[in-house]
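**Q** Sharing a structure here in structure tokens format.
The values are calculated or read from the model by the stated rules, or taken from the named source; none is laboratory data. Quick caveat, the model's predicted, so the values are computed rather than measured. Cβ: placed from backbone, ideal geometry, glycine included. Neighbour counts: every protein chain shown. Only protein heavy atoms, including side chains, enter the accessible area calculation; ligands, DNA and RNA are left aside. Shrake-Rupley method; radii C 1.70, N 1.55, O 1.52, S 1.80 Å.
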Amino acid sequence: MKTDILQSTVSMAHEKEKKKLYAEEDISKLAVIKSNDTIARKYMMCVAAASVAEGATYPLDLTKTRLQIQGEMATGGSNAQYRGMFKTAMGIAKEEGLLHLWRGMLPALYRHAIYTGFRMSAYEEIRNQLSKKDKNGFSLWKKVVAGMMAGGIGQLMASPTDLIKTQIQMEGRRRLMGEPPRVDGMVDAFRKIVKQGGVTGLWRGCWPNVQRAALVNLGDLSTYDSVKSSILDNTTLEDNSVTHCLSSGCAGLVGAIMGTPADVVKARIMNQATDEYGRGLVYKSSADCFMQTVRGEGFLALYKGFVPCWLRMAPWSLTFWLSFEQIRKASGATPF
């Protein structure tokens, strides 16, 4: 009897140990296993997963940007024509054409090749290196710091592509309003930005962009990592698609709450007209844009487009993490 109980206890402990292979207290083992996965290989897997997620959810990003920029009182904007995410998307498809819901897609893919590739690879590498040296694993505050640093630096590197994407996204709207086009495609946008503001002009609006990326990654990376670890620790769920869905859903919601105000400021600064030297004609800085938006439209204006932002971020996060985990599994790499 005692022998059976002992064997049962050992078996249960073995199963629990196996399940917690990716938990925080055993993360050092995971770091050792992951040593066979090169950084370049991880980078390519990140970019592939981000491309799948971006292609599937890009129309939501275009819709979100249109909603955030419309009604800018500082630029003399009139009453908003768009009313909600779905009507905005339907309006764009009807007035500009269905394929225009993917306007600006190419620079968006270039952005993720830099931004997501760097942030994911950097975060995982930081996690693995710190976990090797700390027997207590990768604590929450370390996840927050690592996520914010990886996201902020990655966005600083990719900011020019975001500026080009934002300007292209608004072209259809400008032309419908009878305004002359500012740019004609990605290459033309790049040339005009450099001509007006020099190479540094490509980083116009980068600081609210970096702030947004740091906040979003605080919500996305650290939340996904923490929720996934908690689920594996405290439930009977395994490291599978159900766990990935639950973790990514939480990550998308927290990321949207943290990042929307900075996203509104970023979109408005990047969309504003500039003088011959590339200086903004409406906002002097991100702080000035923040204050003008709050004074002119109220605090809640900072959460304009929150629903499409969340509805964009939640499926993006879901698609990305599911694709990322499956790509890692198919290529023989260990789970994130």
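**Q** Could you tell me which GluC sites (Glu not before Pro) in the stretch 245-336 are loop residues by DSSP with no more than 12 other beta carbons within 10 angstrom of their beta carbon? Spell out each step's value before the answer.
**A** On the way: sites: GLU276, GLU297, GLU325; in loops: GLU276.
Answer by residue number: GLU276.
**Q** Let me ask you something else. Quick one: putting +1 on the C-beta of Lys and Arg, -1 on the C-beta of Asp and Glu, what dipole do you get for the stretch 280-333 around its Cα centre, in Debye to the nearest 20? Please list the in-between numbers first.
**A** Working: 6 positive and 3 negative charges, 19 e Å.
About 100 debye.
**Q** If packing is taken as the average count of other Cβ atoms within 10 Å, what order do 181-190, 47-56 fall into, highest mean first?
**A** Final packing ranking: 47-56, 181-190.
**Q** Rounded, prolate or oblate: which fits the stretch 127-246, taking a ≥ b ≥ c as square roots of the Cα gyration tensor eigenvalues, rounded meaning a/c under 1.5, else prolate when a/b beats b/c?
**A** Details: a/c = 4.21, a/b = 2.20, b/c = 1.92.
Taking the square roots of the gyration eigenvalues as a ≥ b ≥ c, the stretch 127-246 is prolate.
**Q** A further question on this structure: Sort HIS244, HIS100 from largest to smallest accessible area, using a 1.4 Å probe on the heavy atoms of the protein chains. Could you put the intermediate results ahead of the total?
**A** Working: HIS244 10, HIS100 65 Å².
Heavy-atom accessible area, descending, gives HIS100, HIS244.
**Q** For the stretch 238-287, run through the trypsin sites (Lys or Arg not before Pro) and keep only the ones in DSSP coil with at most 16 other Cβ atoms within 10 Å of their Cβ. If you can, show how the numbers build up before the last one.
**A** On the way: sites: LYS266, ARG268, ARG279, LYS284; in loops: ARG279, LYS284.
Those satisfying the criteria are ARG279, LYS284.
**Q** Related question: Which pairs in the list LYS165/LYS266; LYS165/LYS192; LYS165/LYS195; LYS64/LYS192; LYS228/LYS266; LYS228/LYS304 are over 20 Å apart, alpha-carbon to alpha-carbon? Spell out each step's value before the answer.
**A** Details: LYS165/LYS266 12 Å; LYS165/LYS192 14 Å; LYS165/LYS195 17 Å; LYS64/LYS192 25 Å; LYS228/LYS266 31 Å; LYS228/LYS304 30 Å.
Check vs 20 Å cut-off fails for LYS64/LYS192; LYS228/LYS266; LYS228/LYS304.
**Q** Whenever you get a sec, compute what percent of the accessible area on the stretch 186-247 sits on carbon and sulfur atoms (1.4 Å probe). Could the numbers behind the result be given before it?
**A** Details: 1810 of 2790 Å².
The nonpolar share, carbon plus sulfur, comes to 65 percent.
**Q** Order the following by accessible area, largest value first: TRP321, TRP207, TRP316, TRP310. Probe radius 1.4 Å; ligands, DNA and RNA are ignored.
**A** Working: TRP321 0, TRP207 150, TRP316 20, TRP310 90 Å².
So the residues, ranked largest to smallest area, are TRP207, TRP310, TRP316, TRP321.
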